[in-house]
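J.: Below is a structure I'd like to ask you about.
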Amino acid sequence: MIKKLLKKFKKEKKYANRFLKHYYLHQEKLNKERRGSYSERKKAGICVRCKEKAVSGIVFCKFHQKLQKGYNQKARSDK
Ligand SMILES: [Zn+2]
């Protein structure tokens, strides 16, 4: 009876670790890809939200610069 419970516990623990391992590996890969494309676009002068040419000095194109300004104003007025 106890052996059975221990077996069950071990099995569940193993599964949890496998899922966590998979999750962390996947997350790390995603983060690396995101970081890579962000800095590459920044270097190339391409908007990080789309594929338009970015305004010099910032990482957004004119359209996304405008959107970003709108978001910032909204965030400020909420507080
Ligand atoms: Zn854009």
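The values are calculated or read from the model by the stated rules, or taken from the named source; none is laboratory data. In this text, all values refer to a predicted model and were calculated from it rather than measured experimentally. Glycine gets a Cβ as well: all are built from the backbone with ideal geometry, and neighbour counts include every protein chain shown.
J.: Output yes when any residue across the range 25-39 is aliphatic (A, V, I, L, M), out of contact with any helix residue (DSSP H, G or I) (no Cβ under 6 Å at 6 or more places or on another chain), surrounded by 10 or more Cβ atoms within 10 Å (Cβ to Cβ) and modelled with pLDDT under 70, and no when none is.
T.: Yes, some residue in the range 25-39 is aliphatic (A, V, I, L, M), out of contact with any helix residue (DSSP H, G or I) (no Cβ under 6 Å at 6 or more places or on another chain), surrounded by 10 or more Cβ atoms within 10 Å (Cβ to Cβ) and modelled with pLDDT under 70.
J.: Here's a follow-up. Under the condition of being more than 8 Å from the ligand (Cβ to nearest atom), at negative phi and assigned to a loop (DSSP other than H, G, I, E, B), which residue from the range 42-68 is nearest to the chain's Cα centre (by Cα)?
T.: The residue in question is 59.
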